Amino acid sequence: MSKVVISVVAKSGSGKTTLLEKVIRILKENNIKLAVIKHDVHSFEMDKPGKDTWRHAQAGADIIAISSPEKFAMIEKREQEMTLDEIIDRIEGVDLIITEGYKRENKPKIEVFRSSAHSTLLCEPHELIAIASDIPWNLGVPCYHIDDAEGIAKEIINFMKKENKLK
């Protein structure tokens, strides 16, 4: 089974991470193996100062990996940001990849919209598989209430079925 990629996008403060947490739990209850790729336009640090892997990075290592029976993580210093497709190519063993962010990438999107934070959508209707919003939209795209994680999860599952990636 090959993987489906869906981007969950929103303007800052719309609640996409909160919604995504709930949707991920529901998808896992439906036995969907998934990965999440978070886009951060700022620099980020995953490791804590003083820990061994942080010390190795500070000493100049270009790639630092840590492995345990339960987890594996790798930090790789880059000259430039990897493309989304390059990251996707590195991910194996999942049915679904959800990206958080990547507003401008050419992937099917679910837009999260909160009227108290913004007045317009980021995406054009042809880019969207659904909208999660606190106000109704009549754009020919399924529109769910922003708190309807179950509905959004079902929409994702239906999209995966339509793409013949889920039985």
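Every read-out reported here was derived from the displayed coordinates using simple, explicitly stated rules and does not represent laboratory data. Note that the coordinates shown come from a computational prediction; the quantities given were computed from them, not determined experimentally. As a convention, Cβ positions derive from the backbone with ideal geometry for all residues, glycine included, and neighbour counts pool all protein chains shown.
Quick notes
- Calculated mean residue ellipticity at 222 nm for the chain: -7500 deg cm²/dmol, from DSSP H runs with n ≥ 4 weighted as -39500 (n - 2.57), summed, divided by the residue count and rounded to 500.
- Computed from Cα atoms, the angle from the helix 16-29 axis to the main principal axis of the chain rounds to 90 degrees.
- Contact order relative to length of the chain, as percent, for alpha carbon pairs under 8 angstrom and 6 or more apart: 34 percent
- Taking the three principal axes of the alpha carbon atoms in the range 87-167, the coordinate ranges are 39, 25, 21 Å, sorted in descending order.
- Size-normalised alpha-carbon gyration radius of the range 127-167, reference 2.2 N^0.38 Å: 1.20
- Exposure proxy shown here: for 9, 4, the number of other Cβ atoms within 10 Å sets the order, fewest to most, as 4, 9.
- Relative contact order (percent, whole number), the range 68-147, Cα cutoff 8 Å, 6+ residue spacing: 20 percent
- Counting 0.36 nm for each residue step from residue 73 to residue 138 and taking away their Cα separation leaves a gain of 19.1 nm.
- A crude spin-label estimate for the pair residue 89 and residue 104, with each label 7 Å from Cα along the Cβ direction, gives 2.1 nm.
- Rounded to 10°, Cα long-axis angle of helix 149-162 versus longest principal axis of the chain: 90 degrees
- Segment residue 31-residue 59, extension gain: residue separation times 0.36 nm, minus the distance between their alpha carbons: 5.9 nm
- At full extension, residue 117 and residue 80 could sit 10.1 nm farther apart than now, given 0.36 nm per residue minus the alpha carbon distance.
- Per-residue packing, averaged as other Cβ atoms within 10 Å, sorts the ranges 102-113, 55-66 into the order 102-113, 55-66, beginning with the highest.
- Reciprocal mean inverse distance between Cα atoms of the range 3-111 - Kirkwood radius, Å: 15.8 Å
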